1. Hey, any hits in the stretch 288-309 for a residue that's surrounded by 15 or more Cβ atoms within 10 Å (Cβ to Cβ), at pLDDT below 90 and basic (Lys, Arg)?
2. Does the stretch 154-162 contain any residue that is buried (at least 20 other Cβ atoms within 10 Å of the Cβ), touching a residue at least 60 places away in the same chain (Cβ under 8 Å) and closer than 18 Å to Gln239 by Cα?
3. Out of (1) over 29 Å from the mean Cα position of the chain (by Cα); (2) within 29 Å of Cys154 (Cβ to Cβ); (3) aliphatic (A, V, I, L, M), the odd one out for Ala57 is which?
4. Go through the stretch 110-130 residue by residue and tally those that are more than 18 Å from Ala57 (Cα to Cα) and surrounded by 16 or more Cβ atoms within 10 Å (Cβ to Cβ).
5. Only residues that are of a type in the set (A, V, I, L, M), more than 18 Å from the chain's Cα centre (by Cα) and either on the phi > 0 side of the Ramachandran plot or in a loop (DSSP other than H, G, I, E, B) (or both): list them for the stretch 100-130, please.
6. State which residue is farthest from the chain's Cα centre (by Cα) when the search covers only the stretch 161-204 and only residues that are in a loop (DSSP other than H, G, I, E, B) and among the hydrophobic types (A, V, I, L, M, F, W, C).
7. Residue under question is Gly251, and the condition is that it be modelled with pLDDT of 95 or more and either of a type outside the set (A, V, I, L, M) or farther than 23 Å from Pro177 by Cα (or both); does it hold?
Amino acid sequence: MFSTAPDSSAPAAIPDSQALRSCWHPVAYAHDLGAEPRRAILLGEALALWRDSAGTARALSDVCIHRGTSLSLGRVVGDQLMCAYHGWRYGDDGRCKAIPQLADPSRVPGKAQVAAYMCQERYGMLWVALAEPRWPLPEVPELESADDWQRVYCGPYSWRCDASRQVENFTDFGHFPWVHPGLLGDPERPVVPKHSVQTDGHILRYDVVRPEAPNSDEFPVFANQERVAPERHSRYQLQLPYTIVLRLDWGSERGMVYFFASQPVGDEACVGHLVIGRNYDRDQPPEVLQQFEDTIFEQDRQVVESQRPEKVPFDLADEMHLKFDAVAVAYRRAMRTQGLALAAPA
């Protein structure tokens, strides 16, 4: 046993929203951003996402400097985002390039600019960092190998909780038999296999081999059809703060990779983005796997949204931990060690 927690709804340590600005976060699937701008919320800040004439994704503050209109209501004109209210046009650097109400629209005051944020498109997602990012995105070559691996996009999954709650749920083995019986776990086999966590700075790694329920008739999504009681080999890489790479295999060359990242919308709201790669059953409609994940995430959502507090308490004394909670303990320690969580204000 790691610790015993007092009964309290106010965590002693919480995510540091300022420090989280210096990390890459998903804000949308790339295929959802077309010719029209799109609004997103990240760490409480409204963003206007848009593509320039070359199709490159851009991110600006979603507040026009003139009258506070949402820029995401506007439209793209060449390489500029035009406000819907008065037609002011902004470049990808956030500077206003033209004010049509002026006799000379190009005579723009220096103050006429909004915040511009770093944006990149990778693994079929759009990522934004509100400040210089401390770490790059993890490398997932399977998702960049279209010839061998099929991509399936699931979600997004909007939950009323802190992003850390969503991440911890994704790595929690103990709930499978109870929340997902017949799909990910078996109540007759509830014991969590022994595993250890290696922490390397902002990255946690851990492997688990466990029995799992056979494929169901409704969701034949795993590569274990030939075995009644298959073993799943799971290799996790959790990159702080909210990104997970999970590689699965069943003792053969057939494998699956889960790339999950939670978007911290605000203190008590998040959106999960999930891209799955697999090198088998490529002729199976993606809807089968998508419906399976929709079912799993909905089962989880009902439980996780009931957790109190909504924010993960990063002080280990705030909740009770047992040995099979090793991942949660290591995650909470690493978040504090890396300065991504701090003591809550008194």
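The values are calculated or read from the model by the stated rules, or taken from the named source; none is laboratory data. Note that the structure is predicted; figures quoted are calculated from it, not measured. A quick note on method: Cβ atoms are made from the backbone with ideal geometry, for glycine too, and the neighbour counts reach across all protein chains shown.
1. No, that holds for no residue.
2. yes
3. Answer for Ala57: the failing condition is (1).
4. 2
5. Leu102, Ala103, Val108, Ala112, Val114, Ala115
6. Val191
7. no
Let's see how each residue does on (1) at positive phi; (2) assigned to a loop (DSSP other than H, G, I, E, B); (3) touching a helix residue (DSSP H, G or I) at 6+ places or on another chain (Cβ under 9 Å):
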position	(1), (2), (3)
Lys97	no, no, no
Pro138	no, yes, no
Ala146	no, yes, no
Gly155	yes, no, yes
